[in-house]
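Below: one structure, written as structure tokens.
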């Protein structure tokens with residue numbers, strides 16, 4: 001059995017924050033089971049590799065490298081930019097750390113050309 005290669009997370013995070021096409025936001029329905037209706041949508045992150053790793057690995061690496069606010073802010077911005085695609089009267093939800101909301105990337109009107 002061979003040892004998996006070591007992932008250069010610093011380079012991977014640099015790529016994903018520099019190229020908006022490598023990170024995307026998706027929404028998962030939140031269902032009110034009592035009423036049987038979709039009441040909101042949870043924002044989820046998906047990343048194109050390499051490395052081909054689940055979102056928790058990406059966010060864990062970002063935290064270990066001191067870049068969690070930047071990565072979370074990027075995903076929060078992507079989700080906020082997409083909220084107009086959600087059906088009316090349905091709320092978006094996301095999980096972030098408090099630092100993500102103070103990151104300049106988390107402001108949709110920040111003027112970035114993405």
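No lab work stands behind these numbers, since they all come straight from the coordinates. Worth saying up front: this structure is predicted, and the values here are computed from it rather than measured. Cβ: placed from backbone, ideal geometry, glycine included. Neighbour counts: every protein chain shown.
Some notes on this structure:
- Working ranking of peptides 22-33, 82-93 by packing, defined as the average number of other Cβ atoms within 10 Å per residue, highest first, is 22-33, 82-93.
- Taking the stretch 9-99 and dividing mean pair separation by its residue count, relative contact order in percent (alpha carbons under 8 Å, at least six apart): 31
- Rg/Rh for the stretch 9-99 (Cα atoms only, Rh after Kirkwood) is 1.03.
- Distance between the pseudo-spin-label points of residue 32 and residue 7 (7 Å out from Cα toward the beta carbon): 3.8 nm.
- Using the Cβ-Cβ distance between residue 93 and residue 53 with R0 set to 25 Å, the FRET efficiency works out to roughly 0.60.
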